[in-house]
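Next up is a structure, given as structure tokens.
The values are calculated or read from the model by the stated rules, or taken from the named source; none is laboratory data. None of the values given here were measured: they were computed from a predicted structure. Here the Cβ positions follow ideal geometry from the backbone for every residue, glycine too, while neighbour counts run over all protein chains shown. Keep in mind that these areas ignore ligands, DNA and RNA; they rest on the heavy atoms of the full protein, side chains included. Shrake-Rupley method; radii C 1.70, N 1.55, O 1.52, S 1.80 Å.
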Amino acid sequence: MRKSTAREEILSAVKIITKERGEEHFSLSEVLEYMKSKETTYKASTIRTHITSKCCTNAPNHHGTVFNDYERIGKGLYRLIH
């Protein structure tokens, strides 16, 4: 069985968080807390980098591979892009 990538695990967490609340936005701290409670194997720094930079559509491009999963809508606040 293949282990989920950091991106896949983070996307899954974000979808669960936003669905449970019925809102499309989420905070970085919510995702960190949720993934820690689920005993993620990924470091907090990896999760932060994915949300704030590598997978954020309106962040500066500092990575070889980027994704447009989230949009920053405020300080520490993001929205899932469908």
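Starting from segment 60-75, keep only residues that are assigned to a loop (DSSP other than H, G, I, E, B), then list their pairs with residues that are open to solvent by 70 Å² or more (accessible area, probe 1.4 Å) and modelled with pLDDT of 85 or more whose Cβ atoms are within a distance under 8 Å, requiring at least 6 positions of separation or different chains.
Here the result reads F67/R7; D69/R7, each pair linking segment 60-75 to a residue that is open to solvent by 70 Å² or more (accessible area, probe 1.4 Å) and modelled with pLDDT of 85 or more.
Continuing with the same structure: Going through segment 1-24 one residue at a time, which ones are open to solvent by less than 60 Å² (accessible area, probe 1.4 Å) and touching a residue at least 24 places away in the same chain (Cβ under 8 Å)?
If the condition is that a residue be open to solvent by less than 60 Å² (accessible area, probe 1.4 Å) and touching a residue at least 24 places away in the same chain (Cβ under 8 Å), then A6, E9, I10, L11, A13, V14, T18 are the ones that fit.
Failed condition for S45, given (1) part of a loop (DSSP other than H, G, I, E, B); (2) among the hydroxyl-bearing types (S, T, Y); (3) loosely packed, with under 15 Cβ neighbours inside 10 Å, with all others met?
Of the numbered conditions (1) part of a loop (DSSP other than H, G, I, E, B); (2) among the hydroxyl-bearing types (S, T, Y); (3) loosely packed, with under 15 Cβ neighbours inside 10 Å, the odd one out for S45 is (1).
Right, here's the next one. What is the number of the single condition among (1) at pLDDT below 95; (2) loosely packed, with under 15 Cβ neighbours inside 10 Å that A59 does not meet?
(2)
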